[in-house]
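First comes the structure, then the notes that go with it.
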Amino acid sequence: MLSISYAIALLITIVLEAMVVFLMTRGNRDMVFASIGINMITHPIFHFIVYGLLPGYRWPEKVYISEIVIILAEYLLLRHLFPSSAFYRLFGMSLVMNGISFIGGSYVFSLLYG
């Protein structure tokens, strides 16, 4: 069952990352929609890694390892969907997308859940 906090986290991630892609691509709708679809794939993977796959690690290490995996996964998915785009453009977009959603999501959750 989908928890409310997970649904909020997914929504925050999708909104923030879609905004980043929109701004970085000057409104390229294909990339915006691709980023939404990619987030529907990678967001549950991130949570599985953090909460299920790394039981021996402390919280910051879990998140850092998970973010690195997701940045690489999202880059590879973007590369598959947009093979003619430059490496630095797609990898940079993945870095910025995940950085903004991590910072923004952390801030919103601190406001909501103290």
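The values are calculated or read from the model by the stated rules, or taken from the named source; none is laboratory data. Owing to the predicted nature of the structure, the values given are computational and were not obtained by experimental measurement. Positions of Cβ are generated from backbone atoms using ideal geometry, with glycine treated the same way; all protein chains shown enter the neighbour counts.
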Right, Tyr88: surrounded by 12 or more Cβ atoms within 10 Å (Cβ to Cβ), hydroxyl-bearing (Ser, Thr, Tyr) and more than 18 Å from Ala9 (Cα to Cα) or not? no
Return the pairs, sorted by first residue and then second, in which the second residue is part of a loop (DSSP other than H, G, I, E, B), the first residue lies in the stretch 80-109 and is in contact (Cβ under 8 Å) with a residue 12 or more places away in the chain, the beta carbons are less than 8 Å apart, and the residues are 6+ apart or on different chains. Leu90/Phe82; Met93/Thr25
With criteria (1) over 17 Å from the mean Cα position of the chain (by Cα); (2) under 20 Å from Leu11 (Cα atoms), Phe33 comes up short on (1)
Just the residues that are surrounded by 18 or more Cβ atoms within 10 Å (Cβ to Cβ) and either acidic (Asp, Glu) or within 14 Å of Ile100 (Cα to Cα) (or both), please, taken from the stretch 15-34. Leu16, Glu17, Ala18, Val20, Val21
I'd like the full set of residues that are at pLDDT 95 or above and over 16 Å from Asn28 (Cβ atoms), limited to the stretch 75-97. Tyr75, Leu76, His80, Phe91, Leu95
The stretch 40-62, residues that are surrounded by 14 or more Cβ atoms within 10 Å (Cβ to Cβ) and either within 12 Å of the chain's Cα centre (by Cα) or not in a helix (DSSP H, G or I) (or both): Thr42, His43, Ile45, Phe46, His47, Leu54, Tyr57
Among residues of the stretch 81-97, those that are out of contact with any Asp or Glu (no Cβ under 6 Å at 6 or more places or on another chain) and assigned to a helix (DSSP H, G or I), counted: 10
